[in-house]
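The values are calculated or read from the model by the stated rules, or taken from the named source; none is laboratory data. These numbers come from a predicted model, not from an experiment. Cβ placement follows ideal geometry from the backbone for every residue including glycine, while neighbour counts extend to all protein chains displayed.
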Amino acid sequence: MNAMESVLFVDSVIQAGTGMASVNIKEVTIALEKALASKNLPHQEIERLAMRMMDLFGFEDQVVDNRLTPEDRDLFYMLEENGLVTTIEDDVQVQKGKTWRIYYWVLKKDQILRLAHDSGVKDSGALPEADIYKTISDDVWKHHDEGA
């Protein structure tokens, strides 16, 4: 049994997030495959990224930015560009009235679950909202092109 199979075997135990919904390694992998489809990454690389995400988040919804290596931060920026994580900040008063700003990366579990379970999402990573353009007839597009 390889590492990915053993993780899937204990899928119900390895979950990220303490809130209402949780995501598992399989859902994260599927969401990454869909969100990063345009990058044409091999499946093994997607699995490695999913495992790294789960390692960093563990059972939490958020990760303190200070804890990340530069490589992890690069991964999170890529995930943010693809809508799978976001950032928040918190101001904390420390000694002598100074303010210390703490940045957190937050797992967007709703987006991961939507990508993982929505068969309507195209492999290109396009969101279903983009389908609105398919409802516009070719005549409208031609008319617009002629007027320009």
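With respect to residue 21, determine if the residue is within 14 Å of the chain's Cα centre (by Cα) and either under 14 Å from residue 108 (Cβ atoms) or modelled with pLDDT of 95 or more (or both).
For residue 21, the condition - within 14 Å of the chain's Cα centre (by Cα) and either under 14 Å from residue 108 (Cβ atoms) or modelled with pLDDT of 95 or more (or both) - is not met.
Could you pull out the residue among 31, 35 that is crowded, with 19+ Cβ neighbours inside 10 Å, out of contact with any Gly (no Cβ under 9 Å at 6 or more places or on another chain) and under 14 Å from residue 82 (Cα atoms)?
31
Run residue 49 past the list (1) under 18 Å from residue 102 (Cβ atoms); (2) surrounded by 13 or more Cβ atoms within 10 Å (Cβ to Cβ) and report the number of the one that doesn't hold.
So the condition that residue 49 fails would be (1).
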